[in-house]
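*Asks:* Just passing along the structure, written as C-alpha cells.
The values are calculated or read from the model by the stated rules, or taken from the named source; none is laboratory data. Everything quoted here is computed from the prediction, not taken from an experiment. A quick note on method: Cβ atoms are made from the backbone with ideal geometry, for glycine too, and the neighbour counts reach across all protein chains shown.
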C-alpha cells in the first residue's frame with residue numbers, strides 16, 4: 001500500500017505514530033522470542049547429538065550380541081521365541097508447552113516390554129545380553145524421537161517468527177514510516193502556506209490602516 005493514499009490529517013498522524021510505536025514493540029518482542037528459540041534449539045541440538053551417539057552405540061552392541069546368539073542358538077530357534085511375544089508396545093503421548101510452542105512428550109510403558117521368553121541357563125548368554133541391550137536401546141530411541149520432534153517444532157516456530165519479522169521489516173514498518181513522513185510533510189507544507197497567507201494578510205491590513213483605507 002502506498003503512503004500517498006493515506007489521508008494527510010492530524011488525526012491520521014497521531015494514529016499512525018501510535019501504531020508505529022506498537023509495531024516496533026511487537027518487532028522487539030518477536031526478536032526476543034527468536035533469541036530464546038535459538039537458545040532452546042542449540043540446547044536440544046547438543047542433547048540430540050549426544051543421545052544419537054549413545055543410540056548408535058547401544059544398537060551396535062545389541063546387534064553384535066544378537067549375531068553371537070544366532071550363531072549359538074540358530075536363527076530358527078530365536079525366531080520361534082520372538083514370535084511368541086507381544087507385537088505392540090504401550091506409548092503415551094502428551095503435550096508440553098515451551099515458550100508458546102507445543103512439544104510432544106513420548107513416554108514408553110516399560111511394563112509393556114516383553115520379559116525374556118527364555119531362561120538364562122539353557123540358552124546362550126549372548127541372547128540374554130542382546131535382550132538387555134535392545135531394551136536399553138529402545139528407551140533411548142524413544143527419547144531420541146521425542147528430541148527430534150521437539151527440535152522440529154521449535155525450528156518451525158523459529159521460521160514462522162522470522163517470517164513475521166521479515167514482513168515487518170520489508171513491508172509494514174516501511175509503510176508506516178513513510179506514511180508518517182508523508183503526512184508530516186503535507187501538514188508542514190500546509191502550515192507554511194498558512195503562515196505565509198497570514199503574514200501576507202497581516203501586511204495588507206497594516207498597509208490599509210496606514211493608508212487610512
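*Asks:* Which residues, taken from the stretch 108-134, are within 24 Å of residue 53 (Cα to Cα) and in contact with a helix residue (DSSP H, G or I) (Cβ under 8 Å, 6 or more places away or on another chain)?
*Replies:* First pass over the stretch 108-134, keeping only residues within 24 Å of residue 53 (Cα to Cα): 108-110, 113, 126-134.
Hits for the stretch 108-134 are 108, 110, 113, 126, 127, 129, 130, 133, 134.
*Asks:* Restricting to the stretch 90-134, name every residue that is surrounded by 15 or more Cβ atoms within 10 Å (Cβ to Cβ) and free of Cβ contacts under 8 Å to residues at least 24 places away in the same chain.
*Replies:* Scanning the stretch 90-134 gives 128, 131.
*Asks:* Give the number of residues within the stretch 98-120 that are more than 13 Å from residue 149 (Cα to Cα) and in contact with a strand residue (DSSP E or B) (Cβ under 9 Å, 6 or more places away or on another chain).
*Replies:* Residues flagged as more than 13 Å from residue 149 (Cα to Cα) and in contact with a strand residue (DSSP E or B) (Cβ under 9 Å, 6 or more places away or on another chain) within the stretch 98-120 amount to 4.
*Asks:* Continuing with this model, one more query. Go through (1) surrounded by 16 or more Cβ atoms within 10 Å (Cβ to Cβ); (2) modelled with pLDDT of 90 or more; (3) within 30 Å of residue 159 (Cα to Cα) and name the single condition residue 3 misses.
*Replies:* (2)
*Asks:* Please go through the stretch 135-170 and pick out each residue that is more than 9 Å from the chain's Cα centre (by Cα) and free of Cβ contacts under 8 Å to residues at least 60 places away in the same chain.
*Replies:* Listed by number, the residues that qualify are 135, 138, 139, 142, 145, 146, 149, 163, 166, 167, 170.
*Asks:* For the stretch 56-68, check the following and say yes or no: at least one residue is under 30 Å from residue 185 (Cα atoms), touching a helix residue (DSSP H, G or I) at 6+ places or on another chain (Cβ under 8 Å) and not in a loop (DSSP other than H, G, I, E, B).
*Replies:* No: zero hits.
*Asks:* Among the listed residues 101, 105, identify the single one that is at pLDDT below 90 and under 25 Å from residue 25 (Cβ atoms).
*Replies:* Values: 105 fails: under 25 Å from residue 25 (Cβ atoms).
Every option except 101 fails the conditions.
*Asks:* Which residues, counting only those in the stretch 83-105, are more than 22 Å from residue 134 (Cα to Cα) and in contact with a helix residue (DSSP H, G or I) (Cβ under 6 Å, 6 or more places away or on another chain)?
*Replies:* 99, 101, 103, 104
*Asks:* Kindly evaluate residue 40 against the criterion of being part of a helix (DSSP H, G or I), modelled with pLDDT of 85 or more and touching a strand residue (DSSP E or B) at 6+ places or on another chain (Cβ under 9 Å). Quick ask: steps written out before the conclusion?
*Replies:* On the way: part of a helix (DSSP H, G or I): yes; modelled with pLDDT of 85 or more: yes; touching a strand residue (DSSP E or B) at 6+ places or on another chain (Cβ under 9 Å): yes.
So residue 40 passes the test.
*Asks:* Here are the criteria: (1) touching a residue at least 24 places away in the same chain (Cβ under 8 Å); (2) surrounded by fewer than 17 Cβ atoms within 10 Å (Cβ to Cβ); (3) more than 30 Å from residue 103 (Cβ to Cβ); (4) under 33 Å from the mean Cα position of the chain (by Cα). Tell me which single one residue 9 does not satisfy.
*Replies:* Of (1) touching a residue at least 24 places away in the same chain (Cβ under 8 Å); (2) surrounded by fewer than 17 Cβ atoms within 10 Å (Cβ to Cβ); (3) more than 30 Å from residue 103 (Cβ to Cβ); (4) under 33 Å from the mean Cα position of the chain (by Cα), only one is false for residue 9: (4).
*Asks:* Continuing with this model, one more query. From the list 183, 78, exactly one residue is crowded, with 17+ Cβ neighbours inside 10 Å, modelled with pLDDT under 85, touching a helix residue (DSSP H, G or I) at 6+ places or on another chain (Cβ under 7 Å) and in a helix (DSSP H, G or I). Which is it?
*Replies:* On the way: 183 fails: modelled with pLDDT under 85.
Result: 78 is the single residue among 183, 78 that is crowded, with 17+ Cβ neighbours inside 10 Å, modelled with pLDDT under 85, touching a helix residue (DSSP H, G or I) at 6+ places or on another chain (Cβ under 7 Å) and in a helix (DSSP H, G or I).
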